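Working notes, beginning with the structure itself.
No value in this document is a laboratory result; all are computed from the given coordinates. Just so we're clear, the structure is a prediction, and the values are computed from it rather than from any experiment. Using ideal geometry, Cβ is built from the backbone for each residue, glycine included, and neighbour counts are taken over all protein chains shown.
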């Protein structure tokens with residue numbers, strides 16, 4: 001059966017495989033987008049519903065602040081900044097790679113074999129499968145909250161601080177994407193681990209919406225050193241907002257987001273390749 005195996009050729013072959021994967025991903029995404037827009041009323045309703053469902057999380061935060069002035073020492077705009085950066089990062093990763101959670105079902109019913117026989121990278125096919133444009137609702141809602149928070153923060157916006165915001169979002173999306181991919185790779189062995197994956201992606205997003213100061217230090221350590229979701233927004237946000245790190249990490253740790261994202265993506269790619277090589281069709 002066809003496999004994604006590394007070939008010789010160094011950088012040129014690697015760049016060729018990447019270009020092939022991106023091309024296949026784009027073609028599949030365009031197919032699903034055309035299919036979605038063929039029923040525009042349904043698409044609009046589902047997008048609005050996705051927007052409203054995500055907005056309820058922030059409504060709960062606003063209701064909380066109607067009774068208190070600060071949460072863990074953070075004001076409403078500061079919590080909204082955490083909410084917005086985490087929400088946009090997860091939204092981008094969910095839009096681009098959210099379909100990875102269906103891999104376990106394909107492994108169980110054997111439909112992954114069909115993807116292995118096609119002349120396109122399996123990862124691109126799985127990631128683009130059933131591309132859900134309605135997930136733009138989550139991104140839009142989080143962007144609105146982020147924009148509101150930025151306009152209310154008591155921060156002197158220098159060029160460096162302005163640049164930190166999109167960098168946080170992009171690095172956060174890469175980190176969440178690595179978690180999506182690693183969770184999907186684990187399903188080659190577990191075959192039904194979508195909920196475990198969701199606990200780290202959607203569950204991690206729910207955690208990062210609130211200040212680290214409201215959680216036990218052991219939990220903050222776990223989210224920093226074991227599954228480093230703290231680099232999505234907690235650590236860079238503490239630097240931007242002028243807040244102290246509850247773990248007392250050195251100041252340079254706040255800038256490790258890009259490096260952590262690269263390492264996690266590399267680890268996720270390795271896990272994916274090993275998982276795919278271990279696949280032996282149904283019953284494995």
Worksheet, complete the sentence: Relative to the chain, whose Cα atoms define the longest principal axis, helix 194-208 and its Cα axis are tilted in degrees, nearest 10, by 20 degrees
Discussion item. Quick check: Cα centre of segment 99-128 to Cα centre of segment 146-202, how many Å?
Written reply: 24 Å
Worksheet item: Mind checking the log10 I(q)/I(0) for segment 71-126 at q = 0.27, 0.28 Å⁻¹? Debye, one equal scatterer per Cα, no solvent, two decimals.
Response: -1.02, -1.05
Worksheet item: In degrees between 0 and 90, to the nearest 10, how far off the longest principal axis of the chain does helix 76-97 point, with axes built from Cα atoms?
Response: 10 degrees
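Starting from the Cα gyration tensor of segment 200-268, take the square roots of the eigenvalues, sort them a ≥ b ≥ c, and report rounded, prolate or oblate (rounded when a/c is under 1.5, otherwise prolate if a/b is larger than b/c, else oblate). List each step's numbers first, then the result.
Working: a/c = 1.67, a/b = 1.17, b/c = 1.43.
Here segment 200-268 falls in the oblate category.
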Worksheet entry | Taking the convex hull of Cα positions in segment 113-158, its mean projected area over all directions (nm²) | 5.6 nm²
Practice prompt. Quick one: among 207, 235, 63, which has the greatest mean-square fluctuation in a GNM of the chain with alpha-carbon springs under 10 angstrom?
Written response: 63
Worksheet item: So what's segment 23-121 giving for Rg/Rh, alpha carbon basis, Kirkwood Rh from the mean inverse pair distance?
Response: 1.13
Discussion item. At R0 = 22 Å, how high is the FRET efficiency between residue 144 and residue 70 if r is their beta carbon distance? Nearest 0.05 is fine.
Written reply: 0.45
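If packing is taken as the mean number of other Cβ atoms within 10 Å per residue, what is the order of 246-252, 86-92, 134-140, highest first? It would help to have the intermediate numbers written out before the result.
Numbers: 246-252: 11.3, 86-92: 27.0, 134-140: 20.0.
Taking the mean over residues of other Cβ atoms within 10 Å, the ranking is 86-92, 134-140, 246-252.
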Worksheet item: What is the gain in length, in nm to one decimal, between residue 42 and residue 109 on full extension, counting 0.36 nm per residue of separation less the C-alpha to C-alpha distance?
Response: 21.2 nm
Worksheet item: If we restrict to alpha carbons, what Rg and Dmax does segment 149-284 come to, in Å?
Response: 16.9, 59
Discussion item. Taking the 0 to 90 degree range and rounding to the nearest ten, how far is the long axis of helix 136-152 tilted relative to the main principal axis of the chain, both from C-alpha atoms?
Written reply: 20 degrees
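Could you give the C-alpha radius of gyration of the chain expressed as a fraction of 2.2 N^0.38 Å, taking N as the number of residues it contains? Spell out each step's value before the answer.
Values: Rg = 20.0 Å, N = 284, 2.2 N^0.38 = 18.8 Å.
Dividing the Cα radius of gyration by 2.2 N^0.38 Å gives 1.06.
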Fill in: Burial order of peptide ranges 209-219, 166-176, 72-82 (average beta-carbon count within 10 Å, highest first)
166-176, 72-82, 209-219
Practice prompt. Please work out the FRET efficiency for the pair residue 151 and residue 18, using the Cβ-Cβ distance as r and a Förster radius of 45 Å; give the result to the nearest 0.05.
Written response: 0.70
